[in-house]
Amino acid sequence: MNVIAKIVTLLRGSARELGESIVDANGARIYEQEIVDARAAIVQAKSELTGVMAKEMQSAREIERIHTEINRLEKLAVEALDKEKPELAEEVAGKVAEQEIELEGQTQSHANYALQVSRLKDLIKSSESTIREHEREVQIAKTTENVYKATQSISESIGASGSKLVSAKESLERIKKRHEDLSDRMAAAETLDKEFGIKALEARLTEAGIGEDAHRKAKVLERIRARHDAAAAATTTTAPTA
């Protein structure tokens, strides 16, 4: 019997832990649903508030009606007394007394309705303020939870793919070395071409005064001087005589 009781206790503990884990895993979602339910409750409360406000307005109109009726009856009682009809005046006075009793009841009801309306309005305003605060808190909680999840995911990814990252880095280093080797080969080829290629030969010919490029500088200078002399001659020809 004792063993069975312990097994039952174990099952209850497991169920409690499972329930807590589910609640923890979906805390933000549950929180949001509770806020939605609270919003719905406020909508219902506002609907009921309109009913109480309608009763308040109806009682106010009834009070106004009774006041009007009392004034009318009192005028009739005065007319009865003026015509020396005390019995009628007394009967009318009885009606006035009945209306005053009804007026007291309506006045009390109106005061109760007004008090309920005031309390319900204050309660609704307070509830809406509280819900807005909870909405801000749940948004912060969701953002924080998303940041934690993202951080955890990044950490797990880096940890799980550590070898992949190392391999990728090694591949990148090999590419860099291959590029450096290619650059060195191109530089070496250019050096050899300067020493043994056609460019080296043309350079030596130019230094020896052989070939088209040997006198290129002198030819360019001669062409520029000729253009200068022609321009000077033209200026002299067109100059006005004294």
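The values are calculated or read from the model by the stated rules, or taken from the named source; none is laboratory data. Keep in mind it's a predicted model, so treat the numbers as computed, not measured. Every residue, glycine as well, gets a Cβ built from its backbone with ideal geometry; the counts of neighbours run over all protein chains shown.
Filter region 135-151 down to residues that are under 21 Å from Val36 (Cα atoms) and among the hydrophobic types (A, V, I, L, M, F, W, C) and give me whichever is surrounded by the fewest Cβ atoms within 10 Å (Cβ to Cβ).
The residue in question is Ile140.
Against the definition (free of Cβ contacts under 8 Å to residues at least 60 places away in the same chain and among the hydrophobic types (A, V, I, L, M, F, W, C)), how does Ala89 come out, yes or no? Reasoning before the result, please.
Working: free of Cβ contacts under 8 Å to residues at least 60 places away in the same chain: yes; among the hydrophobic types (A, V, I, L, M, F, W, C): yes.
So Ala89 passes the test.
Does region 40-73 hold any residues that are hydroxyl-bearing (Ser, Thr, Tyr) and crowded, with 16+ Cβ neighbours inside 10 Å, and which are they? Show your work before the answer.
Within region 40-73, the first condition is being hydroxyl-bearing (Ser, Thr, Tyr), and the residues that meet it are 47, 50, 59, 68.
Answer for region 40-73, where residues must be hydroxyl-bearing (Ser, Thr, Tyr) and crowded, with 16+ Cβ neighbours inside 10 Å: just Ser59.
Would it be correct to say that Arg29 is touching a residue at least 40 places away in the same chain (Cβ under 8 Å), assigned by TED's automatic domain parsing to the domain that holds Glu135 and surrounded by fewer than 16 Cβ atoms within 10 Å (Cβ to Cβ)?
Values: touching a residue at least 40 places away in the same chain (Cβ under 8 Å): no; assigned by TED's automatic domain parsing to the domain that holds Glu135: yes; surrounded by fewer than 16 Cβ atoms within 10 Å (Cβ to Cβ): yes.
In short, no.
Val36 passes all but one of (1) at pLDDT below 85; (2) within 18 Å of Tyr113 (Cα to Cα); which number fails?
(2)
Return a yes/no flag: does region 102-109 have any residue that is assigned by TED's automatic domain parsing to the domain that holds Ala38, surrounded by fewer than 16 Cβ atoms within 10 Å (Cβ to Cβ) and among the hydrophobic types (A, V, I, L, M, F, W, C).
Within region 102-109, none of the residues are assigned by TED's automatic domain parsing to the domain that holds Ala38, surrounded by fewer than 16 Cβ atoms within 10 Å (Cβ to Cβ) and among the hydrophobic types (A, V, I, L, M, F, W, C).
Ser163 versus (1) surrounded by 12 or more Cβ atoms within 10 Å (Cβ to Cβ); (2) of a type in the set (S, T, N, Q); (3) at pLDDT below 65: which is the lone unmet condition?
Ser163 satisfies all of (1) surrounded by 12 or more Cβ atoms within 10 Å (Cβ to Cβ); (2) of a type in the set (S, T, N, Q); (3) at pLDDT below 65 except (1).
Find all pairs meeting these conditions: Cβ atoms under 7 angstrom apart; at least six residues apart or on different chains; first residue within region 46-68 and closer than 12 Å to Tyr113 by Cα; second residue in a helix (DSSP H, G or I) and β-branched (Val, Ile, Thr).
Leu49/Val117; Leu49/Ile124; Val52/Val117; Met53/Val117; Glu56/Val117
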